[in-house]
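Peer 1: Mind looking over this structure? Questions follow.
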There are 2 protein chains.
Amino acid sequence: MRSAIEMFPRQEKLSEADGPQYLALRDHIALNIEIGRLLPGSRLPSERQFQSEAGIARGTIRQALSQLEAEGLIYRRDRSGWYVSPPAITYDPMRWAGFMAYVAEQGRVPATTTLEKSIRPATAALADIFRVAPGASLYEIRRRRMIDGRSVLVERITVDPALAPDLLSHSLDGSLTDILKSEYGVTVARNRVDMRPCALVRDAAEALGVHSGTPGLLVVRTSFDASGRVVEYDQEYWRHDAIRVHVDLTVREETIPPK
Amino acid sequence: MRSAIEMFPRQEKLSEADGPQYLALRDHIALNIEIGRLLPGSRLPSERQFQSEAGIARGTIRQALSQLEAEGLIYRRDRSGWYVSPPAITYDPMRWAGFMAYVAEQGRVPATTTLEKSIRPATAALADIFRVAPGASLYEIRRRRMIDGRSVLVERITVDPALAPDLLSHSLDGSLTDILKSEYGVTVARNRVDMRPCALVRDAAEALGVHSGTPGLLVVRTSFDASGRVVEYDQEYWRHDAIRVHVDLTVREETIPPK
């Protein structure tokens, strides 16, 4: 475990540092990640190793690790310890590219697994969104999406069967938007995206293999066709360390309203 | 406590419902919030009341409440129980309005408190952002912002003194962008916004009065002037139930690149 031992800070150095000791340990580990001594996916030394090799108190180690977890730099795997998080994927809600496209563009490998396809009666909320009668049949698709083999989101997609009859007989392990376009001639003219931070609990937490209560991001996308009909209603639950939302906005001539 | 008792579901009804009982209780409480029987800011019956008045098992009650908390519909106040969350504010990163403006536009009352103003040596990361030497002096401002009297975010703003000498002598309890414009003639031409879900820990959690580990949203805004200099670097930690990010995107002629 030479590489692991190298990464232990010297107790004296931590004590000399400004501010609380856990922050000095946090900075030390973060630096090891930054300079590539600890690679994405690699396992951190155990709390016990930190304690015995570097002589740091257990409480301090836990504080530092939970700070790094909060920042999304490291994550826990059940019973096997702490690992360096892979880099987050960048999602730009101002672009039209779907998951399969923007993940691949960033040099990563996207994958989709369909967990469940069903026909369900519309709840009051969904009836309102799709402008159908409450109780009307709607398609519901549950999928899990992965980046480089790691589960990053679970989603629940609702589609009106009137727009895409027999949709559930298709393989849905790719881009749904592509299937709607190629098989049904339905194209998206408007996207409304709502995002809110949330806690991942129960079903979503279980499907993503995280502890219930882990922070996440709920991304709700409502896609409309040119006539204003809702084409797709998609609720995505992301694990918090897998996504970074990026928007770049420049003052342009066109922001001045035309005369 | 007539109104509270009215909101208790009938045990038989929960048992008849589809799916797990905690979800039926969750739906029942969510409905009470939706129809306005439980108003924002009002206190929920205690777990004991739910247990004794409606005869629901403690574990089921807790599951339902933590589900509602994860969704941001209710929140805990230390030692005084569960309350209905005020509506989240909508933040549109494609607009230029600042906090004081967009909160007021939504009929809410914004407020800002400066917690700390200091001059600090630039860390490696900040030196890189501001293109100054590591260790160069930078202004750091810590503020807390409130909506209708409730703390919703804490932020750490960094400004280069070269751009705004003597900035810290001003009152910073309003819009910093306005001060930079009116006092120093510095205007923003480009905004880069990065958002990632996080856990609120230690300092941020304490300043917002939430438990360490509560989900939050980190919004990092980098503002540039027309010459590309960084004007403001702002790291905002939001409580998760206070913010909803909204982006609305329509296919327009102008998305076709000009010839």
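Peer 1: For the range B:46-72, which residues satisfy the criterion of being crowded, with 17+ Cβ neighbours inside 10 Å and in a loop (DSSP other than H, G, I, E, B)?
Peer 2: Within the range B:46-72, B:ILE56, B:GLU71, B:GLY72 meet the criteria.
Peer 1: Based on what the data block shows, is A:VAL154 of a type outside the set (D, E, K, R) and more than 18 Å from A:VAL219 (Cα to Cα)?
Peer 2: Values: of a type outside the set (D, E, K, R): yes; more than 18 Å from A:VAL219 (Cα to Cα): no.
No: the conditions fail for A:VAL154.
Residues checked against (1) modelled with pLDDT of 85 or more; (2) closer than 29 Å to A:GLU236 by Cβ:
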{"site": "A:SER3", "(1), (2)": "no, no"}
{"site": "A:SER42", "(1), (2)": "yes, yes"}
{"site": "A:SER66", "(1), (2)": "yes, yes"}
{"site": "A:ILE74", "(1), (2)": "yes, yes"}
{"site": "A:ASP78", "(1), (2)": "no, yes"}
{"site": "A:SER85", "(1), (2)": "yes, yes"}
{"site": "A:TRP96", "(1), (2)": "no, yes"}
{"site": "A:MET100", "(1), (2)": "yes, yes"}
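Peer 1: OK, next. Inspect the range B:207-228 for any residue being modelled with pLDDT under 95, in a helix (DSSP H, G or I), within 24 Å of B:TYR75 (Cβ to Cβ) and not charged (D, E, K, R) and give the result as yes or no.
Peer 2: The answer is yes, given that some residue of the range B:207-228 is modelled with pLDDT under 95, in a helix (DSSP H, G or I), within 24 Å of B:TYR75 (Cβ to Cβ) and not charged (D, E, K, R).
Peer 1: Which members of the range A:182-205 meet the condition of being buried (at least 18 other Cβ atoms within 10 Å of the Cβ), more than 7 Å from chain B (Cβ to nearest Cβ) and either part of a strand (DSSP E or B) or polar (S, T, N, Q) (or both)?
Peer 2: A:LEU200
Peer 1: Can you name the residue in the range B:142-181 that is in a loop (DSSP other than H, G, I, E, B) and of a type in the set (Ser, Thr, Tyr) and, of all such residues, is surrounded by the fewest Cβ atoms within 10 Å (Cβ to Cβ)? Show your work before the answer.
Peer 2: Step one: list which residues in the range B:142-181 are in a loop (DSSP other than H, G, I, E, B), which gives B:148-149, B:160-166, B:170-175.
From what is left, the residues that are of a type in the set (Ser, Thr, Tyr) are B:171, B:175.
Details: B:SER171: 8, B:SER175: 17.
The qualifying residue surrounded by the fewest Cβ atoms within 10 Å (Cβ to Cβ) is B:SER171.
Peer 1: Test each condition in (1) within 14 Å of another protein chain (Cβ to nearest Cβ); (2) of a type in the set (Asp, Glu); (3) surrounded by fewer than 20 Cβ atoms within 10 Å (Cβ to Cβ); (4) closer than 30 Å to A:LEU31 by Cα for A:ASP78 and report the one that comes out false.
Peer 2: Of the numbered conditions (1) within 14 Å of another protein chain (Cβ to nearest Cβ); (2) of a type in the set (Asp, Glu); (3) surrounded by fewer than 20 Cβ atoms within 10 Å (Cβ to Cβ); (4) closer than 30 Å to A:LEU31 by Cα, the odd one out for A:ASP78 is (1).
Peer 1: Within the range A:116-134, identify whether any single residue is in contact (Cβ under 8 Å) with a residue 60 or more places away in the chain, surrounded by fewer than 16 Cβ atoms within 10 Å (Cβ to Cβ), hydroxyl-bearing (Ser, Thr, Tyr) and within 29 Å of B:SER66 (Cβ to Cβ), and answer yes or no.
Peer 2: No: the range A:116-134 contains no residue that is in contact (Cβ under 8 Å) with a residue 60 or more places away in the chain, surrounded by fewer than 16 Cβ atoms within 10 Å (Cβ to Cβ), hydroxyl-bearing (Ser, Thr, Tyr) and within 29 Å of B:SER66 (Cβ to Cβ).
Peer 1: Can you go through B:ARG144, B:ARG108, B:ARG156, B:ARG131 and tell me which one is among the basic types (Lys, Arg) and on the phi > 0 side of the Ramachandran plot?
Peer 2: It is B:ARG131.
Peer 1: Which number in (1) touching a helix residue (DSSP H, G or I) at 6+ places or on another chain (Cβ under 6 Å); (2) surrounded by fewer than 19 Cβ atoms within 10 Å (Cβ to Cβ); (3) more than 14 Å from every other protein chain (Cβ to nearest Cβ) marks the one condition that B:ARG108 misses?
Peer 2: Against the list (1) touching a helix residue (DSSP H, G or I) at 6+ places or on another chain (Cβ under 6 Å); (2) surrounded by fewer than 19 Cβ atoms within 10 Å (Cβ to Cβ); (3) more than 14 Å from every other protein chain (Cβ to nearest Cβ), B:ARG108 comes up short only on (1).
Peer 1: Output the qualifying pairs, or none if there are none: Cβ atoms under 8 angstrom, residues six or more apart or on different chains, first residue in the range B:80-95 and at positive phi, second residue among the small types (Gly, Ala, Ser).
Peer 2: Listed by first residue and then by second, the contacts come to B:GLY81/B:SER46.
The values are calculated or read from the model by the stated rules, or taken from the named source; none is laboratory data. None of the values given here were measured: they were computed from a predicted structure. FYI the Cβ positions are ideal-geometry reconstructions off the backbone, even for glycines, and counts take in every protein chain you see.
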